[in-house]
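Step one of this worksheet: look at the structure below.
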Ligand code: GLA
């Protein structure tokens with residue numbers, strides 16, 4: 001059993017004085033390619049990671065959730081189970097749970113009160129979807145413990161709606177991979193139809209994450225602003241979403257778009273093409289092609305979508321130099337800090353580590369954290 005699961009169970013017993021009856025778990029994710037394409041009805045290729053959120057729980061016979069957040073300094077919150085849920089004015093972590101509870105109640109489901117202890121090890125603000133893993137783990141707990149039979153894709157949609165309840169109009173990528181990921185595989189997800197294809201991580205390649213340790217925050221204006229710019233571009237092009245547009249269509253309307261909106265749309269349209277090509281390159285283990293596509297994705301995020309920061313751009317260049325040929329590396333996640341992802345031959349990792357140790361602090365004034373991960377399984381639940 002992983003550390004966070006054990007910690008959640010032990011903390012539960014210590015706080016509530018009995019053993020938990022349920023254990024729920026959902027992983028964080030790293031996105032290999034396809035950034036800011038999900039809310040444009042496009043394509044993404046994330047994989048679940050070895051970090052996640054564990055929740056130990058037991059019915060308490062009341063209509064209240066009593067929740068301990070082990071890794072938010074043992075913070076605690078209590079709220080009544082109702083569709084008429086109010087947000088907590090300061091405990092953001094609890095609002096994810098309040099949101100998920102509210103949305104499940106709104107479906108007419110009967111949710112019973114529970115005592116809950118939560119413990120996660122997804123680094124916060126690293127662009128690795130700690131919040132999605134919390135929403136999915138908690139949603140699946142309520143569904144399974146209360147026999148609600150909500151399928152995992154619906155749990156993901158509930159998690160996404162909980163983000164909107166809190167203030168981030170995010171897409172469906174993070175929650176879907178957290179809920180439905182398969183061990184050893186990345187996922188090609190069509191964010192319009194929600195059709196999934198599990199794509200094996202090729203033999204001899206590994207997923208490496210480097211956290212810049214510059215924290216990013218999604219509950220903020222920049223993300224929603226990018227989304228609004230994409231929707232404006234789609235409106236001018238006369239399409240439902242940028243998924244339906246081509247570069248020819250965009251260029252034909254260039255005069256009607258300001259430069260920023262044009263470049264935002266160019267990122268999304270070209271990124272969708274890169275995802276589809278990257279799935280093929282990944283499937284066949286074509287590292288040279290994957291490297292070309294991932295770096296093109298990075299440049300597009302840097303120059304057109306403008307969501308990278310100097311520390312992240314620097315990290316990408318340090319890693320590219322260290323790997324030499326076939327450097328499949330790019331920023332991952334929402335942007336404005338967070339992490340870089342690379343698909344690498346394990347033999348290259350010592351050189352990458354040495355280069356980061358030697359150079360990253362000089363450009364950023366801080367140390368980076370290097371995380372080797374495997375492609376983990378999605379959410380699971382156990383009745384103890
Ligand atoms: C965040 C959002 C996702 C997605 C990414 C960017 O992780 O939650 O829905 O939009 O940013 O690709």
(request) Kindly indicate which of 329, 279, 343 is within 16 Å of residue 202 (Cβ to Cβ), touching a strand residue (DSSP E or B) at 6+ places or on another chain (Cβ under 6 Å) and part of a strand (DSSP E or B). (result) 343
(request) Could you tell me whether segment 51-61 includes any residue that is more than 16 Å from the ligand (Cβ to nearest atom), out of contact with any helix residue (DSSP H, G or I) (no Cβ under 6 Å at 6 or more places or on another chain) and outside any strand (DSSP E or B)? (result) yes
(request) Taking residue 105 as meeting all but one of (1) in contact with a strand residue (DSSP E or B) (Cβ under 6 Å, 6 or more places away or on another chain); (2) farther than 28 Å from residue 339 by Cβ; (3) crowded, with 17+ Cβ neighbours inside 10 Å, write down the number of the exception. (result) (1)
(request) Determine which member of the set 150, 172 is at negative phi, within 16 Å of the ligand (Cβ to nearest atom) and surrounded by 17 or more Cβ atoms within 10 Å (Cβ to Cβ). (result) 172
(request) Within segment 190-218, work out how many residues are within 16 Å of the ligand (Cβ to nearest atom), closer than 19 Å to residue 128 by Cβ and out of contact with any helix residue (DSSP H, G or I) (no Cβ under 6 Å at 6 or more places or on another chain). (result) 6
(message) Can you tell me how many residues within segment 136-147 are within 15 Å of the ligand (Cβ to nearest atom) and without any contact (Cβ under 8 Å) to a residue 60 or more places away in the chain?
(response) 0
(message) Of the conditions (1) within 21 Å of the chain's Cα centre (by Cα); (2) crowded, with 24+ Cβ neighbours inside 10 Å, residue 71 satisfies every one except a single condition; which number is it?
(response) (2)
(message) So for segment 230-246 (the condition being under 21 Å from residue 43 (Cα atoms), in a helix (DSSP H, G or I) and within 18 Å of the chain's Cα centre (by Cα)), does at least one residue qualify?
(response) no
(request) Return the total of residues in segment 35-45 being in a loop (DSSP other than H, G, I, E, B) and either within 7 Å of the ligand (Cβ to nearest atom) or under 11 Å from the mean Cα position of the chain (by Cα) (or both). (result) 3
(message) Give all pairs with beta carbons closer than 7 Å in which a residue from segment 165-186 that is closer than 15 Å to residue 33 by Cα and modelled with pLDDT of 95 or more meets a residue that is assigned to a loop (DSSP other than H, G, I, E, B) and within 11 Å of the ligand (Cβ to nearest atom); count only pairs at least 6 apart in sequence or on separate chains.
(response) 171/191; 172/191; 173/191; 174/129
(message) Quick check on segment 275-290. Is at least one of its residues surrounded by fewer than 18 Cβ atoms within 10 Å (Cβ to Cβ) and touching a helix residue (DSSP H, G or I) at 6+ places or on another chain (Cβ under 7 Å)?
(response) yes
(request) Hey, could you check segment 122-142 for residues that are surrounded by fewer than 24 Cβ atoms within 10 Å (Cβ to Cβ) and touching a helix residue (DSSP H, G or I) at 6+ places or on another chain (Cβ under 9 Å) and say which is nearest to residue 169 (Cα to Cα)? (result) 124
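The values are calculated or read from the model by the stated rules, or taken from the named source; none is laboratory data. The structure displayed is predicted, hence computed values, not measured ones. When we count neighbours, we look across all protein chains shown, and the Cβ atoms used for this are built from the backbone with ideal geometry, even at glycine.
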